[in-house]
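Since every read-out is calculated from the coordinates, none of them should be taken as a lab result. Note that the coordinates shown come from a computational prediction; the quantities given were computed from them, not determined experimentally. Don't worry about glycine lacking a Cβ; one is built from the backbone with ideal geometry, like all the others, and counts go over all protein chains shown.
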Amino acid sequence: MVAKCGPIKINHWAHKSRQNCDSWWEAETEWHRSWKDEFPKNWQECSKRDENGELHIADVLTPQGLTLEFQNSPIKRDEVEARTNFHKKICWIVNGLRLKNSLKQFNRAIDEGTRPHSKGGAVYKLLLTDSRLLNQWAGLNAPVVFDFGNDSIWVIGHNDNHFAYVYNLKKNLLVQQLKLGNRPPPIRQI
């Protein structure tokens, strides 16, 4: 650390180099911490370096190599894609209650969506433009889970140009599978 004392900014300590700081770091909320605490402490805040030596810290890294990222704060799509490409085997869990109208929009998308035939549980085909969350997170090369604060979560299982195919899953079942290093499965047959 280096002392920074000057006439423009308040006195503070700074890192000597960004090589030991995660440029993707952000402050944690209670929601974020509660998700991390579903997993053993030694799986949390695991660091890896990229090809340039820059440090990146996964919220959770399972022994099987699955990275879990819990996203509460706003994030740009290019950063999401950069993290996804870096970690490769990753699952995003997104706080669906962060924005005031997200749950209302998502529920409306469910109500207006269709239920195509599928193997397993109920699948909903939703128009991407009916929900800001869907529009922002669909099309990622990784599973995305929406947490709306109850014991069920929603998974984007597949998407195409205009639609997302989502399914509902119990949160405790998801956590069990993640602990085994398994990501939520995609929708196989529609």
(message) Please list, in order along segment 99-105, the HN-Hα scalar couplings obtained from phi with the Karplus expression 6.51 cos²θ - 1.76 cosθ + 1.60 (θ = phi - 60°), rounded to whole Hz, x for Gly and Pro.
(response) 9, 3, 9, 4, 5, 4, 5
(message) Taking every DSSP beta bridge with both residues inside segment 26-179, roughly what % is antiparallel (nearest 5)?
(response) 75 percent
(request) Under 1.5 on a/c is rounded, so check that first for segment 75-190, then, if it is not, pick prolate when a/b is larger than b/c and oblate when it is not; a ≥ b ≥ c are the square roots of the alpha carbon gyration tensor eigenvalues. (result) rounded
(message) List the residues, sorted by chain then number, that are 5 or more residues from Gln71 or on another chain and whose placed amide H is less than 5 Å from its amide H.
(response) Ile93, Val94, Asn95
(request) Please compute the net charge surrounding Gln176, taking Lys and Arg as +1 and Asp and Glu as -1 over other residues with Cβ under 12 Å from its Cβ. (result) +2
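Taking square-rooted eigenvalues a ≥ b ≥ c of the alpha carbon gyration tensor, is segment 35-78 rounded, prolate or oblate, where a/c under 1.5 means rounded and, failing that, a/b exceeding b/c means prolate?
Numbers: a/c = 2.23, a/b = 1.13, b/c = 1.98.
Oblate shape, in that a/c is at least 1.5 and b/c is the bigger or equal ratio.
Please go through segment 100-168 and write out the chymotrypsin sites (Phe, Trp or Tyr not before Pro) that DSSP classes as loop and that have at most 16 other C-beta atoms within 10 Å.
Phe148
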(message) I need the phi-derived Karplus couplings for segment 163-180: 6.51 cos²θ - 1.76 cosθ + 1.60, θ = phi - 60°, integer Hz, Gly and Pro marked x.
(response) 10, 10, 9, 10, 9, 9, 8, 5, 4, 5, 5, 4, 4, 4, 5, 4, 5, 8
(message) Going by amide H atoms built from the backbone, whose H comes under 5 Å of the H on Phe163, apart from near neighbours?
(response) Leu128
